[in-house]
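Worksheet: one structure, shown below.
What follows is calculated from the coordinates using simple rules that are stated; it is not laboratory data. Just so it is clear, the structure is predicted and the values come from calculations on it, not from any experiment. For neighbour counting, all protein chains shown are included, and Cβ atoms are generated from backbone atoms with ideal geometry for every residue, glycine included.
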Amino acid sequence: MKKMPARKSPSPPEEKSHAPPQVLSAECPICHKELAIIQIPETIPLFGQIVIQTLRCSHCGFKFSDVMSTEFHDALGFEARIAGEADLHTKLVRNSSGTVEVPELGFTLEPGPMAEGFYTNMEGLLERVDGILNFLSSHADTHEQRERAKELLALSKKCRAGKMPFTVRVLDPFGGSALIGANVKGFRSQNRMRRN
Ligand SMILES: [Zn+2]
């Protein structure tokens, strides 16, 4: 049997199916009243479908978010050098199982049961970094730690303005997290092991 002849002209699958958010309800883990679970599906180029899920309790204020990938990805790690304004558009999908690092800013987001998932760009990531550094600059245990947090905060501002290059690394053993952009390098588990 012959293979299919010429295919149709390449039209990328850009059906932007904006599926409506789903709202479910469940018992709040804190106050045991009813809370809302809001699920927003989103299609991300080069990655696939994700669902952004937010739990929100109007009774006690409990809020928790995660991002779930609805497709299987076997890439373990991603790295991107963010070297200018254009690179700030690089996207980050972070599932609660993913580790995110920005070594230049001493930043590591560890996975865990209370880890939140999110979908953002580099500006959104740096906002999260700033939030933690702001907290540390006034609440860290020692004077040195508070001063260090202030230094890193100044560097983070430069990064956000595209004036200081920085590195972003994402590791996820379940493949639920990713960096998406022109300068992103991805590692599959086997390639990664072969490097040693
Ligand atoms: Zn509650």
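Listed by Cβ neighbour count within 10 Å, with the fewest neighbours leading, Leu105, Leu76 appear as Leu76, Leu105.
Less than 5 angstrom separates the built amide H of Thr90 from those of Met122, all sequence-distant by 5 or more or on a different chain. Give the separation of the Cα centroids, the stretch 95-121 to the stretch 162-182, in Å. Spelled out, the Cα-based centre of one part sits 10 Å from the other.
If I take R0 = 22 Å and measure r between the Cβ atoms of Glu85 and Thr167 in this structure, what FRET efficiency does the formula 1/(1 + (r/R0)^6) give, to the nearest 0.05?
On the way: r = 17 Å, r/R0 = 0.75.
For Glu85 and Thr167, the calculated efficiency is 0.85.
With a Cα cut-off of under 22 Å and a minimum spacing of 8 residues unless on different chains, the lysine pairs in the chain number 10.
For the chain, what does the alpha-carbon gyration tensor say about shape, rounded, prolate or oblate, given a ≥ b ≥ c as the root eigenvalues, a/c under 1.5 as rounded, and a/b over b/c as prolate?
Details: a/c = 2.00, a/b = 1.20, b/c = 1.66.
Because a/c hits 1.5 or more and a/b fails to exceed b/c, the chain counts as oblate.
Unpaired Cys in the chain, meaning no second Cys C-beta under 4.7 Å: Cys159. A simple count of charges around Gly106, restricted to other residues whose Cβ falls under 10 Å of its Cβ and scoring Lys, Arg +1 and Asp, Glu -1, yields -2.
Here's the picture: charge each Lys and Arg Cβ at +1 and each Asp and Glu Cβ at -1 in the chain, and of Gly61, Ile37, Gln145 the one pushed furthest to the positive end of that dipole is Ile37. Relative to the Cα centre, the charge distribution of the chain, modelled as +1 at Lys and Arg Cβ and -1 at Asp and Glu Cβ, gives a dipole magnitude of about 860 debye. In order along the stretch 146-161, the phi-based Karplus estimate (6.51 cos²θ - 1.76 cosθ + 1.60, θ = phi - 60°) of 3J(HN,Hα) comes to 5, 5, 4, 4, 5, 4, 5, 5, 5, 5, 4, 4, 5, 4, 5, 8 Hz; Gly and Pro are listed as x.
222 nm [θ] for the chain, helices only, -39500 (n - 2.57) per DSSP H run of 4+, per residue, to 500? Please list the in-between numbers first.
Details: 3 runs with 42 residues, N = 196.
Helices in the chain give a 222 nm mean residue ellipticity of -7000 deg cm²/dmol.
The order of Asp74, Asp130, Asp172, going from fewest to most other C-beta atoms within 10 Å of their C-beta, is Asp74, Asp130, Asp172.
In the stretch 88-172, taking the dipole from charged Cβ atoms about the Cα centre, the farthest positive-side position among Val168, Gly117, Leu136 is held by Val168.
Count charges around Leu35 for me, please; just the other residues with Cβ under 14 Å from its Cβ, Lys/Arg as +1, Asp/Glu as -1. It works out to a net charge of +1.
Counting every other Cβ atom within 10 Å of each residue's Cβ, Val184, Val170, Val23 order from fewest to most as Val23, Val184, Val170.
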